[in-house]
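Below is one structure, written out as structure tokens, with a few remarks after it.
Derivation of every value follows stated rules applied to the coordinates shown; laboratory data play no part. Being a predicted model, the structure only gives us computed values, none of them experimental. Here Cβ is always computed from backbone atoms with ideal geometry, including for glycine, and neighbour counts include all displayed protein chains.
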Ligand code: KIV
Ligand code: NA
């Protein structure tokens, strides 16, 4: 059996070779991502990608557990990190432990991720001290959309860095094994990476981060309007559409199924 990467393995990569991370929500895409990536994130972005929600707020613990289990079955090598959804961890550290323990026990994944820096430090410490590896998530925290008002990059004004630097220090001191830094000014992404001892995973942050993450469907060119920070490594939308169009035409013309796609009688 192949030993999977662990949270301590990723923690040890600070300042070394960049950590490669992508999202996946399904067994099939997980098996492809698993060939090239160190970490697979079962992100609550599945709310947007799979369910068509406008935000991640409606995502449930049950959705995360179902997809987390699918990704574990599809992968062998990568560390699988499952997002804690909005409402499953903010009320208390005990609520967070209960939800995170369910995720670990029911999916067998290796870590959870939760949003928030200073405000979540006590919770991160409570989980890590009790056997649950936590990846932090600071900068733009999409679950807070209803208090933020919009999805805007953070730390772009003079004098606006202090709270995000404090968040980075807080998650590191609380025992997180790494931290996602989302949509911050590039020099801030760089500075945060310099000032904390755990790996930073950037998304719309900086090439100086200790790793990078993107949403798989965004980088494949399957998402209608991805954010500025997404580089498209594929244009799969037109290919999928062409295949569906070809199928529909052949069903309507009875060209499909052909003789090679049907079963004859066995010789008796
Ligand atoms: O849910 C998600 O996919 C994420 C990444 C964008 C970091 O949290
Ligand atoms: Na997320």
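For residue 207 and residue 157, FRET efficiency with R0 = 25 Å and r from the beta-carbon atoms, rounded to 0.05?
Details: r = 22 Å, r/R0 = 0.88.
Taking R0 as 25 Å, the efficiency between residue 157 and residue 207 is 0.70.
Each label point was placed 7 Å from the Cα along the Cα-to-Cβ direction; for residue 76 and residue 105 their separation is 3.0 nm. The base-10 log of I(q)/I(0) for region 28-124, evaluated at q = 0.15, 0.18, 0.25 Å⁻¹, reads -0.57, -0.81, -1.31 [Debye formula, identical scatterers on Cα atoms, solvent excluded]. Once you order the gyration tensor axes a ≥ b ≥ c over the Cα atoms, which shape class does region 7-235 get: rounded for a/c under 1.5, otherwise prolate or oblate by comparing a/b with b/c? Rounded, because the longest to shortest axis ratio a/c is under 1.5.
Once you order the gyration tensor axes a ≥ b ≥ c over the Cα atoms, which shape class does region 64-171 get: rounded for a/c under 1.5, otherwise prolate or oblate by comparing a/b with b/c? If you can, show how the numbers build up before the last one.
Details: a/c = 2.02, a/b = 1.70, b/c = 1.19.
Since a/c reaches 1.5 and a/b is larger than b/c, the shape of region 64-171 is classed as prolate.
Rg and Dmax, both from the Cα atoms of region 110-259 and both in Å, are 20.6, 70. For region 7-235, the relative contact order is 19 percent, taking Cα pairs closer than 8 Å that sit 6 or more residues apart in sequence and dividing their mean separation by the residue count. Using the average count of surrounding beta-carbon atoms within 10 Å as a protection proxy, the listed peptides 244-251, 179-186 rank, highest first, as 179-186, 244-251.
Taking other Cβ within 10 Å of each residue's Cβ, how do 232, 130 sort, fewest first?
Details: 232 15, 130 11.
Ranked by crowding around the Cβ, least crowded first: 130, 232.
Multiply the residue gap between residue 225 and residue 57 by 0.36 nm, knock off their C-alpha separation, and tell me the result in nm, one decimal place. Each step should come with its number before you reach the end.
Working: separation 168, 0.36 × 168 = 60.48 nm, distance 1.90 nm.
Stretched out fully, the residue 225 to residue 57 stretch lengthens by 58.6 nm.
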